[in-house]
Amino acid sequence: MKRIALLLLIATPLFAQTLDERVSRELDSLLVMYKALHAAPELSTQEAKTSAFLAQHLRELGYDVTERVGKYNDPNATCYGVVAVMKNGAGPTLLVRTDMDALPVTEQTGLVYASMNSGVMHACGHDVHMTTLIGTAKILADLKSQWRGTLMLVGQPAEEVVKGAEGMLSDNIYERFGKPDFAIALHDWAALETGKIGYHTGEFLAATDSINLTIRGVGGHGAAPHTTKDPVVLAAETIVALQTIVSRERPPLLPAVVTVGKIEGGTKRNIIPDEVKLYLTVRTFDPALRQHIVESIQRIPKGLAIAAGMPDDLMPLYEHVDGESVAVTYNDPALTTRVANAMTGELGKANVVEVDPAMVSEDFGLFGVNRQIPTTLLAIGAADPAKLAAGTQPGLHSSKFSPFDPALTLKTGVRGAVSAVLELLKR
Ligand SMILES: [Zn+2]
Ligand SMILES: [Zn+2]
């Protein structure tokens, strides 16, 4: 009896390592990769080096990797999508996505591995997602005896401009690499403590409409406004009037956001310009409200232009930027529950929690092709618990955002993702 117990003790680390132990062993090298990615961010549609880095690591792990998958409307633009496939006998196909792009933000985290590319920053944690995917790929390559089917890892470019998923799909990835039976993705979350994973069944992230307005006028000398029709004043009135869409036109129980995030106009203080440009983002969940708001954004500026005495040929120009607009991200309830249960088994009940929907948007849902393929996007906690409690946690896209305790963030992400894959591709 004693001898058997002793043998078991010796044998345990070699043959029956827990997932926690396996991931812990990879953590140092994952952190090195994470810091390298964090220091070298690339903007949406320009992910040449980032995608090559991801492809190289996945290839070294034995995956069949194809680079530059995808195409954009502009035939001169390169779509840097990566598809890495590992076939492991008969069984379902699972797509696991990471995004790869960074944001036009000047980093102010003060980290020693802060961005070396001035004005560009991984402020949305896509560096966390890529590193988590590489860690997941490594463990699953080691654990081939524990799953079956096909693992299809996708490195998606241009998530921040919601173009990359569409770009990859329009390059027929499912015809070329196989159609998945389900698709999952993880995105870091600044409203959830590091060490936890969040899930939400049903509608999780909002639809986005990107809209450009050009408020036109008749320019002239700043000292003679009566000889002009001032588009700056009209743009200011328009911005304020647009706020009444959410406050006065929206059914109060339906969430919506109308934000004018960028204004462009004028050259000098004493010159009244000919036009001012407004760049809007609209977020909704309800399709009818989405339509209503888009119509209001055409009606209100036009009404104000008429009130300002603009002639017919100087009415505001409205442009809906289709390529930067996307539908609601919907988490298939059965798939989400199954994945969340598997993650709970690995991480414990306290660490896998339901999270609220959010007004941010994603194009990951497009991989579900009009909900033909069940998809779910989960949240990896990245917040400092103390800052979260104090209300001082920087959000995603902030120049001060970085995941709290990156080692724990990555470890949680990899343990969660591996347990999800082992459930969905179980033998
Ligand atoms: Zn983002
Ligand atoms: Zn993001």
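The values are calculated or read from the model by the stated rules, or taken from the named source; none is laboratory data. Computed from a predicted model, the values in this text were never measured in an experiment. Ideal geometry is used to build each Cβ from the backbone, glycine not excepted, and the neighbour counts take in all protein chains shown. The accessibility values were calculated without ligands, DNA or RNA, using every heavy atom of the protein model including side chains. Shrake-Rupley method; radii C 1.70, N 1.55, O 1.52, S 1.80 Å.
A few points about this structure:
- Candidates Thr98, Thr50, filtered to the one that is surrounded by 15 or more Cβ atoms within 10 Å (Cβ to Cβ), modelled with pLDDT of 95 or more and outside any helix (DSSP H, G or I): Thr98
- For region 130-156, residues that are open to solvent by 10 Å² or more (accessible area, probe 1.4 Å) and in contact with a Gly (Cβ under 8 Å, 6 or more places away or on another chain) total 3.
- Subset of region 264-299 [hydroxyl-bearing (Ser, Thr, Tyr) and loosely packed, with under 13 Cβ neighbours inside 10 Å]: Thr267
- Tally of residues being buried (at least 17 other Cβ atoms within 10 Å of the Cβ), more than 16 Å from ligand 2 (Cβ to nearest atom) and of a type in the set (Gly, Ala, Ser) across region 380-416: 1
- Among the residues of region 53-76, the ones that are at pLDDT 95 or above and more than 20 Å from the chain's Cα centre (by Cα) come to 12 in all.
- Residue among Ile197, Ile239, Ile215 that is touching a residue at least 60 places away in the same chain (Cβ under 8 Å) and either surrounded by fewer than 19 Cβ atoms within 10 Å (Cβ to Cβ) or within 23 Å of Leu317 (Cα to Cα) (or both): Ile215
- Listed by first and then second residue, the pairs with beta-carbon distance under 7 Å, at least 6 apart or on different chains, first residue in region 392-407 and aliphatic (A, V, I, L, M), second within 14 Å of ligand 1 (Cβ to nearest atom), are Leu396/Ala123; Leu396/Cys124; Leu396/Gly125; Leu396/Ala190.
- Inclusion of Pro104 among residues that are surrounded by fewer than 15 Cβ atoms within 10 Å (Cβ to Cβ) and either away from ligand 1 (no atom under 16 Å from the Cβ) or among the charged types (D, E, K, R) (or both) is not warranted.
- Selection status of Asp127, more than 16 Å from ligand 2 (Cβ to nearest atom) and either in a helix (DSSP H, G or I) or open to solvent by less than 10 Å² (accessible area, probe 1.4 Å) (or both): no
Here's the yes/no breakdown for (1) part of a helix (DSSP H, G or I); (2) within 16 Å of ligand 2 (Cβ to nearest atom); (3) of a type outside the set (D, E, K, R):
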{"position": "Tyr113", "(1), (2), (3)": "no, no, yes"}
{"position": "Met116", "(1), (2), (3)": "no, no, yes"}
{"position": "Thr132", "(1), (2), (3)": "yes, yes, yes"}
{"position": "Leu140", "(1), (2), (3)": "yes, no, yes"}
{"position": "Ser145", "(1), (2), (3)": "yes, no, yes"}
{"position": "Thr150", "(1), (2), (3)": "no, no, yes"}
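- One residue stands out among those in region 210-239 that are β-branched (Val, Ile, Thr) and in contact with a Lys or Arg (Cβ under 8 Å, 6 or more places away or on another chain): the one that is farthest from Ser325 (Cα to Cα), which is Val218.
- Within region 1-38, being of a type in the set (Gly, Ala, Ser) and at pLDDT 55 or above holds for Ala16, Ser24, Ser29, Ala36.
- Residue check, Glu160 within 16 Å of ligand 1 (Cβ to nearest atom) and open to solvent by 20 Å² or more (accessible area, probe 1.4 Å): yes
- So Gly91, is it in contact with a helix residue (DSSP H, G or I) (Cβ under 7 Å, 6 or more places away or on another chain) and either away from ligand 2 (no atom under 16 Å from the Cβ) or within 28 Å of Met121 (Cβ to Cβ) (or both): no
- Residue check for Thr131: more than 16 Å from ligand 1 (Cβ to nearest atom), at pLDDT 95 or above and within 19 Å of Leu378 (Cα to Cα): yes
- Number of the exception - Thr329 against (1) more than 16 Å from ligand 1 (Cβ to nearest atom); (2) of a type in the set (Val, Ile, Thr); (3) crowded, with 17+ Cβ neighbours inside 10 Å: (1)
- Taken as a whole, the condition of being away from ligand 2 (no atom under 16 Å from the Cβ), surrounded by fewer than 18 Cβ atoms within 10 Å (Cβ to Cβ) and closer than 24 Å to Met130 by Cβ does not apply to Gly368.
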